[in-house]
1. List the pairs whose first member sits in the stretch 58-79 and is free of Cβ contacts under 8 Å to residues at least 60 places away in the same chain, whose second member is small (Gly, Ala, Ser), and whose Cβ atoms are under 8 Å apart, counting only residues at least 6 apart or on separate chains?
2. Quick one: which residue in Asp48, Asp63, Asp20 is surrounded by 13 or more Cβ atoms within 10 Å (Cβ to Cβ) and either polar (S, T, N, Q) or at pLDDT below 95 (or both)?
3. Please identify the pairs in which a residue from the stretch 154-177 that is under 17 Å from Ser143 (Cβ atoms) and open to solvent by less than 50 Å² (accessible area, probe 1.4 Å) has its Cβ atom under 6 Å from the Cβ atom of a residue that is basic (Lys, Arg) and in a helix (DSSP H, G or I), counting only partners at least 6 apart or on another chain.
4. Any idea which of Thr26, Thr71, Thr84 is buried (at least 16 other Cβ atoms within 10 Å of the Cβ) and among the β-branched types (Val, Ile, Thr)?
5. Could you tell me which numbered condition Ile163 fails, if it satisfies all but one of (1) among the β-branched types (Val, Ile, Thr); (2) within 17 Å of Asp47 (Cα to Cα); (3) in a helix (DSSP H, G or I); (4) touching a strand residue (DSSP E or B) at 6+ places or on another chain (Cβ under 6 Å)?
6. Kindly check whether there is at least one residue in the stretch 96-109 that is part of a loop (DSSP other than H, G, I, E, B), surrounded by 17 or more Cβ atoms within 10 Å (Cβ to Cβ), in contact (Cβ under 8 Å) with a residue 60 or more places away in the chain and β-branched (Val, Ile, Thr).
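The values are calculated or read from the model by the stated rules, or taken from the named source; none is laboratory data. Computed from a predicted structure; not experimentally measured. Virtual Cβ from ideal backbone geometry, glycine too; neighbours counted across all protein chains shown. For accessibility, only protein heavy atoms count, side chains too; no ligands or nucleic acids. Shrake-Rupley method; radii C 1.70, N 1.55, O 1.52, S 1.80 Å.
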Amino acid sequence: MKNRTLINFILSIIQIPLEDAEFISTHFQHFEFKKGDIILKKGKVSDDYLFLEKGLIRSYLNDLEGNEVTTDFFIENNVAFEITSFFNRNPSETTMLAVTDCMGYKINFTQLNQLFHNKPSFREFGRSILVREFIATKKRNYSMINQTAEERYENLLVNKPLILKYAPLKHIASYLGITDSTLSRIRAKL
C-alpha cells in the first residue's frame, strides 16, 4: 500500500525520483496512538522515527521542582522523534505523549540505518531533516533570548496553529517559557 502523504513529504524535503520516494515509504509501518498514549517514556531508548500524518505529539521533561516543562510539539506532516536518545541509543530524558489521536508511519532504528547505508537518496533525506530540525531548534533557542513572550506566541499562532487548537494552555505556556497567567494576558490582549 502506497502512502501518498509520506511520499509527498519525502519529495517536499528532497528532490528525488518518485520511485525512490515510493521505495523509501515501503519501509515505514502504519501506527496509531490514542489521545493520552505515551509514545516514549522517560528512561527508555527511543527506537522509532515517526512521520506524523495526523495529530499532535508533545515532548516534556520535569524541572528541578518536578513540574512538567514542554520541550517540543510535533505537528502533522512532520517527523517526530527524540533525536538524542534515538541516535545515541541512550535512555530518553523526555516523555513523548499523544495530545490528540495520532496516526502516521514509523521506521525503527535498525531499519533506518539499513536504508541510510543502502539508499543514498534516503541518506540525503535524513541529512536534510536533521539540518531542518537543527535550524528550528536554534531559532527556538534564540527566540527565548531575543523575543518577547508576545512575539513567541504570535510566532506559534502563525507557524503551528494546531498546537493552539489542541494543547492545554499550561503546556503551551511552558513551551513558550512563560506562566499560565502571562499566556492568558497575551491571549486576552490579542
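1. Listed pairs, sorted by first residue: Phe74/Ser59; Phe74/Ala80.
2. Values: Asp48 fails: either polar (S, T, N, Q) or at pLDDT below 95 (or both); Asp63 fails: surrounded by 13 or more Cβ atoms within 10 Å (Cβ to Cβ).
So the residue among Asp48, Asp63, Asp20 that is surrounded by 13 or more Cβ atoms within 10 Å (Cβ to Cβ) and either polar (S, T, N, Q) or at pLDDT below 95 (or both) is Asp20.
3. Pairs found: Leu176/Arg152.
4. On the way: Thr26 fails: buried (at least 16 other Cβ atoms within 10 Å of the Cβ); Thr84 fails: buried (at least 16 other Cβ atoms within 10 Å of the Cβ).
That would be Thr71, the only listed residue that is buried (at least 16 other Cβ atoms within 10 Å of the Cβ) and among the β-branched types (Val, Ile, Thr).
5. Just one mismatch for Ile163, condition (2).
6. We begin by selecting, within the stretch 96-109, every residue part of a loop (DSSP other than H, G, I, E, B); these are 99-101.
Now restrict to residues that are surrounded by 17 or more Cβ atoms within 10 Å (Cβ to Cβ): 99-100.
Add one more test, that the residue is in contact (Cβ under 8 Å) with a residue 60 or more places away in the chain, and what stays is 99-100.
Add one more test, that the residue is β-branched (Val, Ile, Thr), and what stays is 99-100.
Checked the stretch 96-109: at least one residue is part of a loop (DSSP other than H, G, I, E, B), surrounded by 17 or more Cβ atoms within 10 Å (Cβ to Cβ), in contact (Cβ under 8 Å) with a residue 60 or more places away in the chain and β-branched (Val, Ile, Thr).
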